[in-house]
């Protein structure tokens, strides 16, 4: 394996930070968490490491709302749900109905290889807080 393909110390550390995160951190979040650990990696190292880890299939880049990509260590097929009140991101492991995918393929002529859905709603904690406020 070439030097470029190895899991260097920065790559291992960044992979660990994302793997231990339940909030799908952005690159800026990863940098903040590295600083909190006392790590001093260059910004370019963080961004290049996130790109490498994503290309290698060790992380998944998630495009939610806003401009910043977020990162997920759960690389198996799943979708995301975001709270429209607090911004919390959750994971959804229920797949779309096959009949729906077949209808979309028939209507468009596409062979569907991958699906990405973003569900939006209000999380249980925010719903509870809304009830208390009323």
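None of the figures in this text is laboratory data; all of them are computed from the coordinates on show. Source: prediction; values computed, not measured. Please note: Cβ atoms are built from the backbone with ideal geometry, for glycine as well, and neighbour counts cover all protein chains shown.
Only helical runs count toward this figure. For the chain, summing -39,500 (n - 2.57) over DSSP H runs of n ≥ 4 and dividing by all residues gives -12500 deg cm²/dmol at 222 nm.
Of all DSSP-defined beta bridges confined to the chain, some 70% are antiparallel rather than parallel. Averaging the Cα positions of each part gives two centres, and for the range 104-120 and the range 18-60 these lie 30 Å apart. The simple Förster model, with R0 at 22 Å and r as the Cβ-Cβ distance, assigns residue 47 and residue 74 a FRET efficiency of 0.55.
Full extension from residue 119 to residue 100: what is 0.36 nm times the residue separation minus their Cα-Cα distance, to one decimal in nm?
Values: separation 19, 0.36 × 19 = 6.84 nm, distance 1.64 nm.
Full extension from residue 119 to residue 100 adds 5.2 nm.
Let me know the shape class of the chain, please: from the alpha-carbon gyration tensor, a ≥ b ≥ c as square roots of the eigenvalues, rounded when a/c is under 1.5, otherwise prolate if a/b is greater than b/c, or oblate. Don't skip to the answer; put the middle values down first.
Working: a/c = 2.86, a/b = 1.25, b/c = 2.29.
Taking the square roots of the gyration eigenvalues as a ≥ b ≥ c, the chain is oblate.
Note on residue 12 and residue 126: the model spin-label points, each 7 Å out from Cα along the C-beta direction, lie 3.9 nm apart. The overall shape of the range 1-75 is oblate: from the C-alpha gyration tensor, with semi-axes ordered a ≥ b ≥ c, the ratio a/c is 1.5 or greater and a/b is no larger than b/c.
The overall shape of the range 76-134, judged from the alpha-carbon gyration tensor, is prolate: a/c is not under 1.5, and a/b is greater than b/c.
Using a Gaussian network model of the chain with C-alpha springs under 10 Å, which one of 106, 36, 68 is most mobile by mean-square fluctuation? Most flexible of the set in this elastic network: 106.
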